[in-house]
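Since every read-out is calculated from the coordinates, none of them should be taken as a lab result. These figures come from a predicted structure and were not determined experimentally. Don't worry about glycine lacking a Cβ; one is built from the backbone with ideal geometry, like all the others, and counts go over all protein chains shown.
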Amino acid sequence: MLNLDWFQPYDGVIHSTGVIYAAICNLPRDMRFKRENMLVLGLLPGPNEVSLHQINHYLAPIVNELVLLWDGVTFDNTFEKICGHISALSSCYRCEKKANYENHKYNFAGMDNMSEWFINRNSAQFCENALGWRRCNSNAARNRFVKTTGVRWSELLRLPYFDPIQFLSIDPMHCLFLGIAKWIVKRIWVDENILKPETLKEIQKKMNQFQVPADIGRIPGKVECGEGFANFTADQWRIFFNIYATVSLWKHLPGVDKKILTRFVRICSILVGRIVQSNLMDEAHQKLVEIVKIIEQNYGRDMITLNLHLSLHLYECAKDFGPLYAFWCFSFERMNGMLGKMLTSKNILFLLKLILNSIPLFIF
């Protein structure tokens with residue numbers, strides 16, 4: 001499992017540092033994301049994020065090593081931009097859905113004809129188009145080719161087993177919690193004045209009455225701050241909807257929004273489980289479809305965001321990779337925080353030790 005993530009290692013300075021991580025999916029889930037078992041394959045020093053196909057320069061040496069591993073390696077005693085897709089803001093990675101450009105912005109509305117576009121993209125056609133991109137002899141030709149096909153070349157396509165459609169998972173942390181949960185509360189209920197400032201104070205007061213086990217994580221305590229629900233982390237959004245949302249929000253929401261709330265709470269309760277059943281995943285998928293339809297019908301096409309669309313593919317990802325907790329990005333975000341804190345003189349030796357323990361490693 002590969003993940004490219006960017007973070008800001010310095011305070012008060014705009015400087016993006018990138019890290020290419022790998023997790024070994026053959027390890028049990030309780031061991032897979034431990035610090036000592038995660039691989040740091042590459043550090044991209046910045047100060048800016050690389051763009052478009054330039055990521056291939058960083059992927060090439062990593063892919064060379066992966067090809068050797070695929071062919072077989074004998075050891076003696078001495079010894080998800082990155083896949084070639086264009087921006088998801090204009091076209092879905094996994095299905096045939098294209099974004100609508102309306103009112104000067106993109107949306108993914110169109111649930112009435114879902115059967116026409118909710119079809120898996122063709123991996124063979126994608127690879128053929130990627131090779132076509134490589135044959136372009138100028139940047140202008142490549143740009144025209146991308147506008148036509150929506151595909152670029154990726155070094156990962158040199159791996160004989162790599163499927164650029166199926167192997168590209170949707171991260172539940174960003175999609176479900178930072179994407180949909182945050183968006184529903186802040187963009188619909190707070191910005192549309194359904195939850196007013198005085199209402200937020202009542203919600204906070206109600207939440208303060210909860211008695212919850214200490215091991216569930218940090219309890220959200222910022223509901224009434226600023227514009228409402230200020231600076232909630234992904235984990236706090238997860239906790240909020242799984243524990244607090246139904247009781248604290250119910251009397252403040254109109255009928256349509258109660259439908260959104262009950263469905264989303266049920267979705268979260270199913271998807272965050274460590275053991276999932278096929279019939280429950282079917283239920284979660286159906287309720288996600290219902291939420292998107294309710295929002296489109298009651299709040300307009302402009303409100304159907306990329307994350308709402310991508311959530312429709314979480315069911316497929318769960319079938320391919322297991323329960324959502326087995327491939328969400330919480331562990332990679334934790335590694336970002338650890339690496340950021342290590343960029344000081346007293347920790348630099350520990351950072352070097354961590355890097356040297358990750359083989360292969362490439363610093364660009």
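Each Cα pair of the chain feeds into the Kirkwood radius, which the Stokes-Einstein equation turns, at 4 °C and 1.567 mPa s, into a diffusion coefficient of 57 µm²/s.
Over the stretch 115-166, the ratio between the Cα radius of gyration and 2.2 N^0.38 Å evaluates to 1.22.
Shape index of the stretch 172-326: Rg/Rh, with Rg the Cα radius of gyration and Rh the Kirkwood radius from the inverse mean 1/r over Cα pairs, equals 0.95.
Since only Ala140, Leu2, Val247 are under comparison, the one whose Cα sits farthest along the positive direction of the charge dipole of the chain, derived from C-beta charges on Lys, Arg, Asp and Glu, is Val247.
Here the stretch 188-260 is treated with +1 on each Lys and Arg Cβ and -1 on each Asp and Glu Cβ, and its dipole about the Cα centre works out to around 220 debye. Here the sum of -39500 (n - 2.57) over DSSP H runs of 4 or more residues, divided by the residues of the chain, equals -12000 deg cm²/dmol at 222 nm, to the nearest 500. Selection among Ala23, Leu308, Gly226 by position relative to the dipole of the chain gives Gly226 as farthest towards the positive end (Cβ unit charges, Cα centre). A simple charge model with +1 on the Cβ of Lys and Arg, -1 on the Cβ of Asp and Glu and nothing else charged puts the dipole of the stretch 172-326 at about 300 debye relative to its Cα centre. Exposure proxy for Phe7, Phe177, Phe332: other Cβ atoms within 10 Å of each Cβ, ordered fewest to most, give Phe7, Phe332, Phe177. Evaluated with a Cβ-only charge set (Lys, Arg +1; Asp, Glu -1), the chain carries a dipole of roughly 440 debye about its Cα centre, given to the nearest 20. Sites listed here are trypsin sites (Lys or Arg not before Pro) in the stretch 255-343 whose DSSP assignment is loop and whose Cβ has at most 14 other Cβ atoms within 10 Å: Arg274. Taking the Cα centre of the chain as the origin and placing charges on Cβ (Lys, Arg +1; Asp, Glu -1), which of Gly42, Leu324, Ile295 is farthest toward the positive end of the dipole? Going by the Cα projections, it comes out as Ile295.
Report note on the peptides 223-230, 205-212: ranked by the mean count of other C-beta atoms within 10 Å, highest first, their order is 223-230, 205-212. Separation of the alpha carbons by more than 18 angstrom is noted, of Lys97/Lys147; Lys182/Lys222; Lys196/Lys222; Lys205/Lys287; Lys98/Lys259; Lys196/Lys258, for Lys205/Lys287; Lys98/Lys259. Each peptide among 128-136, 242-250, 27-35, 165-173 gets the average number of other Cβ atoms lying within 10 Å of its residues, and from highest to lowest they stand as 165-173, 242-250, 128-136, 27-35.
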